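Report on the following structure.
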Amino acid sequence: MASGLLVWSPDPYIQIMDSDSIAQLAYLALLGAAVAGWFFAENSQSLGKTARQALIWVLIFVGAIAAVGLWQDIRNNVAPRASQATEGQIDIPRSFNNHFEITMVVNGQPVDFIVDTGATAVVLSPSDAERIGFTLENLNFDGRASTANGVTSTADVTLDEIRFGTVSDRIIPAVVNAADMNQSLLGMTYLNRWDTIEIKNDTLTLSR
């Protein structure tokens, strides 16, 4: 196949600081203010005993609210929600690293993907390509792809099936990257098969 230039880039949906990050900073600031206020109340000579005790109870209440909020965020990061599939829809929660990640079954083998709307194709790492049945030595790496790390060689392949739960798509064009990758990319040759790509409440939803 002719060596066209494919392009992929970091997911444009990912923001430098999202609402969760801002909330975490607010919780930390609130907790820090409560601790600082407690030290002030304990060491202040200008406050009466009753006023000092009332202030301490208020600070304990504020600190408890901040601690609960931080624990909820930590719990979501340590035990993130799993992707789910229903008829005609896949919901992918945002991972702790701020990416939308999903494990799909490709040609009968599980492959971990980052959802990347900036990738013009499904991009397989060399190790994932070999695991699902491709022999790298038999592939023709005559394609070129522009990445954040420069231009790399690619080989065109066709995936028999990409499946998640009960949702299945067949005969999907993809490319194998010649250079090693941390994770394969679920790009537009797959995502274009969906009518809607929507992000809401830290969940990316594909629907058709």
Amide H proximity to M181 below 5 Å, modelled H, separation 5+ or other chain, gives S127
Just need log10 I(q)/I(0) for the range 136-206 at q = 0.17, 0.23, 0.25 Å⁻¹, Debye formula, equal scatterers on the alpha-carbon atoms, no solvent, rounded to two decimals.
-> -0.80, -1.14, -1.21
Packing-based order for 104-110, 184-190, using average beta carbon neighbours within 10 Å, highest first = 184-190, 104-110
SASA check, I60, accessible area w/ 1.4 Å probe, all protein chains in place, rounded to nearest 10 Å², comes out at 90 Å²
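The values are calculated or read from the model by the stated rules, or taken from the named source; none is laboratory data. In this text, all values refer to a predicted model and were calculated from it rather than measured experimentally. When we count neighbours, we look across all protein chains shown, and the Cβ atoms used for this are built from the backbone with ideal geometry, even at glycine. In case anyone asks, the SASA skips ligands and DNA or RNA and just uses the protein heavy atoms, side chains included. Shrake-Rupley method; radii C 1.70, N 1.55, O 1.52, S 1.80 Å.
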